[in-house]
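S.K.: Before I ask anything, here is the structure I am working with.
The values are calculated or read from the model by the stated rules, or taken from the named source; none is laboratory data. Source: prediction; values computed, not measured. Here Cβ is always computed from backbone atoms with ideal geometry, including for glycine, and neighbour counts include all displayed protein chains.
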Amino acid sequence: MMIVGLTGGIGSGKTTVANMFKELGVAVYIADDEAKKIMNTNSGVKDKITSLLGNEAYIDNELNRSYIANIVFNDAEKLKQLNEIVHPAVANHFDSWKNKQNGSYVIKEAAILFENKGYEQCDYTILVSAPEEIRIRRVLKRDKDSSVNDIKSRMNNQWSDTKKIPMADFVINNEYLEKTKDQVCEIHKKISSQEPYNPNLSFC
């Protein structure tokens, strides 16, 4: 079974694109969501995070996301160390999940697919892109507590699209929903070209 990596910077709309692939019957693994679950439930991971970031990393045994974000998005070394704790655990969980799926390919959606070399485990990669002003507007609407400076700080911890585009097999320009759907359909048809086309599973 092929692994198709799906990525994009904050506010690019990669989750929207992931949901479009779900509508086409493709199994989708949201790495960031699974990482949060693992950080809350895996005792070994929790111990390592506490050692790295202090006891305030958890409140009432739940991940203190704002505290952690405030540290790692202003300290590149701490972010790197946190990723080195979480990513191997997520990779193991993904492998177990993938083995239970059907179809010719699965989608693995990850925010920093290129930055952490996760693309090396993928057969294809898809980058979701959008202009910076649109991305900022989307995040401000989604995360009411975020400021423009907060969002730009997070953007600065991710590679620019200019750097990622040459590494991606497919690039989706996600400004207008209908055009994004067309691009998703085209990519799906190319990747799953060896499967019989089933119109009941798609909006294509």
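S.K.: Check Asn74 against each of (1) modelled with pLDDT of 95 or more; (2) over 21 Å from Tyr29 (Cβ atoms); (3) not charged (D, E, K, R) and name the one condition it does not meet.
M.R.: Condition (1) is where Asn74 drops out.
S.K.: Filter the helices (runs of 4 or more DSSP H) completely within region 1-60 down to those with at least 1 residues that are under 25 Å from Ile136 (Cβ atoms) and assigned by TED's automatic domain parsing to the domain that holds His93.
M.R.: Per the criteria, 31-41.
S.K.: Something else now. Can we say Ile71 is aliphatic (A, V, I, L, M), closer than 27 Å to Val106 by Cβ and surrounded by 13 or more Cβ atoms within 10 Å (Cβ to Cβ)?
M.R.: Here the answer is no, as Ile71 does not meet what is asked.
S.K.: How many of the residues making up region 69-86 are closer than 21 Å to Asp145 by Cβ and among the β-branched types (Val, Ile, Thr)?
M.R.: Residues that pass the stated criteria total 2.
S.K.: Can you find a residue in region 6-22 that is surrounded by fewer than 17 Cβ atoms within 10 Å (Cβ to Cβ), small (Gly, Ala, Ser), closer than 22 Å to Glu178 by Cβ and touching a residue at least 40 places away in the same chain (Cβ under 8 Å)?
M.R.: no
S.K.: Can you spot a residue in region 108-120 that is loosely packed, with under 15 Cβ neighbours inside 10 Å, in the same structural domain as Val45 (by TED's automatic domain parsing) and of a type in the set (Asp, Glu)?
M.R.: Scanning region 108-120, I find no residue that is loosely packed, with under 15 Cβ neighbours inside 10 Å, in the same structural domain as Val45 (by TED's automatic domain parsing) and of a type in the set (Asp, Glu), so the answer is no.
S.K.: So, one more: Given the conditions (1) more than 16 Å from the chain's Cα centre (by Cα); (2) polar (S, T, N, Q); (3) more than 30 Å from Ser193 (Cβ to Cβ), and given that Ser96 satisfies all but one, which numbered condition is not satisfied?
M.R.: (3) is the only condition that Ser96 fails.
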